[in-house]
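The values are calculated or read from the model by the stated rules, or taken from the named source; none is laboratory data. None of these values were measured; they are calculated from a predicted model. For neighbour counting, all protein chains shown are included, and Cβ atoms are generated from backbone atoms with ideal geometry for every residue, glycine included. In case anyone asks, the SASA skips ligands and DNA or RNA and just uses the protein heavy atoms, side chains included. Shrake-Rupley method; radii C 1.70, N 1.55, O 1.52, S 1.80 Å.
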Amino acid sequence: MAERPAMQERAVIVQLDFGREDLAEQLDEVRLLTRSAGAAVCAVVQGRRHSPDAACYAGKGKVEEIAAEVTAHAADLVIFNHELSAGQERNLERTLQCRVIDRTSLILDIFAQRAQSAEGKLQVELAQLEHLATRLVRGWTHLERQKGGIGLRGPGETQLETDRRLLGLRVRLLKGRLARLERQRGVQRKARGRGELLNVSLVGYTNAGKSTLFNALTHAGVFAADQLFATLDTTTRKLWLADAARIVLSDTVGFIRDLPHSLVAAFHATLEATAEADLLLHIVDSASSARDDQIADVNKVLTEIGAADVRQLMVLNKIDLGGLPPAMERDEYGRILRVRVSAKSGEGLPLLREALAELALAKIRDARDLRQRAPGQVVDRIIDSGGSP
């Protein structure tokens with residue numbers, strides 16, 4: 001058996017089948033999530049059920065099988081690739097005698113590791129605290145210890161009530177800080193929107209190659225790796241193209257199936273920039289067998305953040321893995337629909353730059369036409385109302 005890095009946790013993954021067709025893709029994804037969090041997968045337990053068990057999510061026999069794997073591999077934790085209730089988590093930990101986390105907790109942990117900017121750290125902490133609020137029945141006390149505890153507790157207040165109150169105070173503080181940062185972002189976005197720059201946001205399923213493509217276009221040196229949520233903090237760069245076309249390109253956090261609602265809410269300020277973009281570059285892993293489901297998952301999140309109506313340009317990435325040739329596809333009206341590229345090898349990137357330049361120049365023409373028409377329209381309205389210009 002290969003040696004694992006010191007202090008790396010050993011995890012048993014649990015994936016139950018409730019009749020979905022993409023079970024293999026789900027299992028591959030949770031393996032990659034686990035590795036991205038820094039744990040080693042030592043065993044996988046699978047099973048079929050019609051519905052989750054109320055007490056332990058998995059049935060009694062399956063829980064015994066999980067316990068046997070935990071013992072056999074000296075596992076540190078069990079990861080359910082599902083959403084567990086606080087009661088189910090508590091019952092499983094009591095039976096398995098080790099830590100049990102669900103899919104949401106796993107994703108939150110990865111986000112906590114990836115956050116680099118002050119805003120990103122605030123957003124992750126807010127999401128973690130709001131998730132923690134649903135688990136306070138487990139008797140968390142670290143929040144009170146941070147505040148000193150004695151002297152803060154009200155008359156007759158239980159430990160649980162104290163934790164909830166302190167957690168609520170911290171959540172309100174974080175929301176206030178994020179609201180101020182959101183207002184600052186809003187001012188910056190409005191300033192960009194008034195100009196002739198095309199505001200473009202990269203969106204896509206996590207690990208679709210957004211950061212690699214961003215680096216290939218801008219030479220920004222953003223961290224890119226074959227792991228989920230390698231990029232968490234938004235990076236923005238200006239890009240000058242042919243014929244004086246200019247764009248502002250933003251690399252954003254990747255989306256994923258069943259993205260925890262607490263994360264979507266906490267990252268509202270960051271994701272709002274996506275909703276206010278002129279164009280979304282929807283990066284798709286063309287070599288993935290689950291690409292259609294991934295496209296649907298991304299569009300679902302875009303709808304949730306109010307970006308469903310923003311124009312999209314689909315970029316089919318990783319064509320070097322699928323053997324597809326680079327190409328630019330248009331509809332019957334000549335509008336650009338898709339561009340096939342490989343961000344890693346550079347194939348198709350000139351076509352993507354050509355597409356972006358065409359769209360950027362169109363915005364410049366529209367902005368200039370609007371400025372030229374506006375004075376005449378004002379005069380026409382005054383004359384029509386009987387006044388004098």
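Here are a few things to note about the model shown:
- Each residue of the range 29-46 is assigned a 3J(HN,Hα), and the resulting list reads 5, 5, 4, 5, 4, 5, 5, 5, 7, x, 9, 9, 7, 9, 6, 10, 10, 10 Hz, derived from the Karplus form 6.51 cos²θ - 1.76 cosθ + 1.60 (θ = phi - 60°), x at Gly and Pro.
- Reach of Lys175 by Cα under 16 Å, taken over lysines that are not fewer than 8 positions away in the same chain: Lys121
- The range 1-74: C-alpha gyration tensor shape, a/c 1.5 cut-off, then a/b vs b/c: oblate
- As a fraction of the 1.4 Å probe accessible area of the range 265-347, surface on carbon and sulfur atoms comes out at 46 percent.
- Within the range 32-144: Cβ-based charge dipole about Cα centre, in debye rounded to nearest 20 (Lys, Arg +1; Asp, Glu -1): 220 debye
- With a Förster radius of 45 Å applied to the C-beta separation of Asp243 and Gln184, the computed FRET efficiency comes to 0.85.
- 3J(HN,Hα) from dihedral phi, the range 123-133, Karplus parametrisation 6.51/-1.76/1.60, rounded to Hz, x for glycine, proline: 5, 5, 4, 4, 5, 5, 5, 5, 6, 4, 4
- All lysines inside 21 Å of Lys210 as judged from Cα atoms, apart from same-chain residues fewer than 8 positions distant: Lys238, Lys300, Lys318, Lys344
- Rounded FRET efficiency, nearest 0.05, which uses the C-beta distance separating His219 from Asp369 and R0 of 30 Å: 0.35
- Residues of the range 32-105: accessible area per residue with a 1.4 Å probe, Å²: 46 Å²
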